[in-house]
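The values are calculated or read from the model by the stated rules, or taken from the named source; none is laboratory data. For clarity, every value in this text was computed on a predicted model and none was experimentally measured. In this analysis, Cβ positions are derived from the backbone assuming ideal geometry, glycine residues included, and neighbour counts consider all displayed protein chains. When the accessible area is computed, the model is the full protein with side chains, heavy atoms only, and any ligands, DNA or RNA have been set aside. Shrake-Rupley method; radii C 1.70, N 1.55, O 1.52, S 1.80 Å.
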Amino acid sequence: MFKLIHTIDPKIVYVSHKETSLIGRSEECEIVLKDPHVSRIQAKVRIEDGRYVIVNLGRNPIFINGVSIQSQFLNDGDEIKFGKTDLLFQEVKSDDKIVEKPSFSAKTVVLASPQELTVGPRLVYTPPFGDSKIYPLDKENILIGRSSEADIQLEDSSVSRKHGRIGKKDDGYFVFRVSEANPLLLNDQAISNKRLYSGDQLRFGALSLTFISDRAEDQKAAPKELVGERKRSEWILWIAAACLTLIFGSYLLYMHVYRPWQVSHTLKTISKQVLVKNYQPARDTLMRLLESDLSPEQTHKAKELLSQTIMAITQNMADDGKLKEAKDYLMAHLKQHGVGEEANVLWNQLDFYRLNLGNHLEELNEYRTALRQYSAVREDSPYFEEAQMSIKRIWLAYQQQQRKDQTLSKLLKEAETHFLAKRYLTPVNQNAYAAYQAILALEPENKLALKRIDQMKEFYLVHGEQRFNQKDWGGALKYFERYNLIDPESIEIKEKIRACRQNLAVGDARSGKSSPDHSTPNKKHEQIKRLLEESGAEGSWIMEYLFEEESGEKDSETPW
């Protein structure tokens, strides 16, 4: 059993349940195409050696993935062109669930849901299996994304919570990009906002929706003429290429005509494999393709597709409860392909897995391992603040264990002793901040505890500012990090911490500490290596002493 999905209007689907099916203009065919450029009996699709094969029986040509054929085996995602009709081939295996029921007649029918009768502008989503979904554009503004607040909710990890918006303006429909993290594609081109015309393809992450409208003003009349001119230009270019072949030889033709076309077509085929969730073959092809010579645009497209594929593979692992396996798989990929803007979405996904794995380990009371996961979350990650809060939560919880049975008076005495000795945050289990937090747990409005905590914050702020103004970046960083542990909501302190780390990194680079030969590839390799370490690049100073059982002070000059 197989499907043929119309690429322009994906709600039109042809399904065949027979082992041999005829395709053509004639009513005798199982699949009838009302296209004057299609022969009456154009092709036959049959099963051979357990696979579907297509044979051209007509005078008109058949193109598979842009190449004219007479007979060829079919693969999922192949684009078949009959005359002016483009169809997407999809094999349906016996264990796949099919929503549609076969016709009582022997002929294949065009399947469409009852919603197909909807009149007016709408978005159409055709999944690999099941009925198409139609979303009428019946509001002035329609939000699209993964969030429950979205008017059109797309439940896929590659889609942002608020990804795009469609609005009506000057009697036309426009699409606007809302997400800052993920791109919005219109007909495979990244856009920020654009007018929509019937037949336009919108891509939100790995999902594609088609804009369909019956209104005359939404029809793309002018481009039709341009298409004809473009096709005539393409024929002229092909003739010119043939002439150049006679002059410059087959090598020039291969390098400048055939090879770019082959790569472009391969990328198009891979996009269709990703669309039908055939991820592993898509990944293998992309890995081989990236090892060859590609243009900058082709490299960008290949890396973008690879990121989408890896994202989907790891998300499937995570959905199956294999969170650690998903994180390890992603880390192994980023070790080789972690450079470039195309990989940004994967770095964010890695931090998301680290955060969730840390939460799971924390629930199992495996605090050391959990802290390594939290501390490894990158500073510029959207999950960094949540990870830092988790570090603080473990830090406090660890020190509160021995104070469960102490009275308020004992806690106040202990806290004041540590405070007067300037033991603000260290050593472990014997510091003022932990004691004052235990007091606030018993009496949330205790004025002395609140006052002392504010005084500790003031101490770190004043000394941090002094070191910062003296350009003592390392010293300033120690004070600001400790302030941030007490008050993680201060945006000003976060900016100061970021500035200290940047200045320290610049100083290391100037002194030759970054990499042996200072070459750009080595710097990127070292950066990726650091980001993949799970010992904790951020917040690691807590790791240095949190689980130490010694009560003595390691540095008498900085007991705070």
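When each of Asn344, Asn365 is tested for being within 17 Å of the chain's Cα centre (by Cα), more than 25 Å from Glu481 (Cα to Cα) and exposed (fewer than 15 other Cβ atoms within 10 Å of the Cβ), the lone residue that passes is Asn344.
Here Gln388 meets each of (1) without any contact (Cβ under 8 Å) to a residue 60 or more places away in the chain; (2) closer than 27 Å to Tyr367 by Cα with one exception, condition (1). Can you pull out the residues in the range 428-449 that are in a helix (DSSP H, G or I) and open to solvent by less than 70 Å² (accessible area, probe 1.4 Å)? Those that are in a helix (DSSP H, G or I) and open to solvent by less than 70 Å² (accessible area, probe 1.4 Å): Ala432, Tyr433, Ala434, Ala435, Tyr436, Gln437, Ala438, Ile439, Leu440, Leu448, Ala449. Against the test of being among the basic types (Lys, Arg) and over 18 Å from the mean Cα position of the chain (by Cα), the options Lys324, Lys277, Lys301 yield a single qualifying residue, Lys324.
Is at least one residue of the range 146-160 modelled with pLDDT under 90, under 30 Å from Cys29 (Cα atoms) and either open to solvent by 30 Å² or more (accessible area, probe 1.4 Å) or acidic (Asp, Glu) (or both)? There is no residue in the range 146-160 that is modelled with pLDDT under 90, under 30 Å from Cys29 (Cα atoms) and either open to solvent by 30 Å² or more (accessible area, probe 1.4 Å) or acidic (Asp, Glu) (or both).
Filter the range 335-363 for residues that are hydrophobic (A, V, I, L, M, F, W, C) and at pLDDT 90 or above; which is nearest to Glu291 (Cα to Cα)? Out of the qualifying residues, it is Leu346. Listed conditions (1) surrounded by fewer than 16 Cβ atoms within 10 Å (Cβ to Cβ); (2) modelled with pLDDT of 80 or more are all met by Lys523, apart from (2).
Going residue by residue through the range 294-307, is there one that turns out to be of a type in the set (Ser, Thr, Tyr), out of contact with any Leu (no Cβ under 8 Å at 6 or more places or on another chain), at pLDDT below 90 and not in a loop (DSSP other than H, G, I, E, B)? No; the residues of the range 294-307 include none that is of a type in the set (Ser, Thr, Tyr), out of contact with any Leu (no Cβ under 8 Å at 6 or more places or on another chain), at pLDDT below 90 and not in a loop (DSSP other than H, G, I, E, B).
Cβ-Cβ contacts under 8 Å between residues 6 or more apart (or on different chains), taken from a first residue in the range 4-30 that is more than 19 Å from Gln42 (Cα to Cα) to a second residue that is among the charged types (D, E, K, R) and open to solvent by 50 Å² or more (accessible area, probe 1.4 Å), are listed as Lys11/Glu116. Answer with yes or no whether Asp293 is open to solvent by 50 Å² or more (accessible area, probe 1.4 Å), within 18 Å of Leu330 (Cα to Cα) and out of contact with any Gly (no Cβ under 6 Å at 6 or more places or on another chain). Here the answer is no, as Asp293 does not meet what is asked.
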